[in-house]
Amino acid sequence: MYIGKPCDLETVDIPNGVTTIAAYGFQGCVSLKSVTIPASVTTIGSSAFQYCYNLKSITVPNGVKVLPANFVMYCYSLTEVNLPNTITATTANYSLAYCYSLDTVVLPDSLKTIGAYCFYNDTALSHITIPSGVTAINSYAFRYCYSLKSIYMMSSTPPSLNANAFNDIGTEYKIYVPAASVDTYKAATN
């Protein structure tokens, strides 16, 4: 298990062979700008990079299946998140929330569930593609994403939307769905 505190470094290279980044491992490392996570990591604890205000980008390795709660919450400078095709879910509770500089995220095709509050208040997020395998978008997942202009739904079947999944995203957005599924999406009552 890797615990990165105390942390006054700008760059961290987690050693190969580490399998777990501890919950709160780098929380509050405000100087941290870049982190290299080796392929050996399969588990990342909750709030592992929360409050890393200067973190610019992060790449999650292939062995990780679930993004933890508060994963990069309040990483104000974060512009890039790279997720592997092994991720099947983002947990509830703000996995990628309050990342004010995050403009684009490519969600992996393996993703099945977008957790509650996942992108909450990511005010720079301008477009998102929801992969065809996503079956559920949970409560407030995209709330306060005011810059969201384009939502691409890749599935022919609309995912289940929980309470206010796209609440308060502004008024200038468009939702794109597969041409053969327009009527199915229009008829969806969730």
| Could you work out Rg/(2.2 N^0.38 Å) for region 88-190, with Rg from alpha carbons only? | 0.97
| Rounded if a/c is under 1.5, else prolate if a/b beats b/c, else oblate: with a ≥ b ≥ c from the C-alpha gyration tensor eigenvalues square-rooted, which is the chain? | prolate
| message | Looking only at Cβ-Cβ distances, which cysteines of the chain have no other cysteine closer than 4.7 Å? | response | Cys52, Cys75, Cys99, Cys118, Cys145
| Can you give the calculated 222 nm mean residue ellipticity of the chain, where each DSSP H run of n ≥ 4 adds -39,500 (n - 2.57) and the sum is split over every residue, rounded to the nearest 500 deg cm²/dmol? | -500 deg cm²/dmol
| Which listed residue (Ser40, Thr90, Val105) has the Cα farthest towards the positive end of the charge dipole for the chain, taking +1 on Lys and Arg C-beta and -1 on Asp and Glu C-beta about the Cα centre? | Thr90
| field | Packing-based exposure ordering (other Cβ within 10 Å, fewest first) of Ser95, Ser47 | value | Ser47, Ser95
| message | Running a GNM on the chain with Cα contacts under 10 Å, which residue among Asn16, Asn138, Asn70 ends up with the highest mean-square fluctuation? | response | Asn16
| Sorted by Cβ density within 10 Å, fewest first, the residues Ile21, Ile175, Ile37 | Ile175, Ile37, Ile21
| request: Determine the sum of side-chain charges near Tyr117: Lys and Arg each +1, Asp and Glu each -1, restricted to other residues whose C-beta is under 15 angstrom from that of Tyr117. | output: -1
| Would you list Cys75, Cys118 from fewest to most Cβ contacts within 10 Å? | Cys75, Cys118
| Between Thr19 and Ser147, what FRET efficiency comes out of the Förster formula 1/(1 + (r/R0)^6) with R0 = 45 Å and r the beta carbon distance, rounded to 0.05? | 0.75
| message | So if I place +1 on the C-beta of Lys and Arg and -1 on the C-beta of Asp and Glu, and nothing else carries charge, what would the dipole magnitude of region 88-190 be about its Cα centre? I want it in debye, nearest 20. | response | 120
| Based on Cβ point charges of +1 for Lys and Arg and -1 for Asp and Glu, what charge dipole magnitude is obtained for the chain about its Cα centre, in debye rounded to the nearest 20? | 240
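Rule-based calculations on the coordinates, nothing more; no lab input. All of these numbers come straight from a predicted model, not from anything done at the bench. We place every Cβ from the backbone using ideal geometry, glycine too, and count neighbours over all the protein chains shown.
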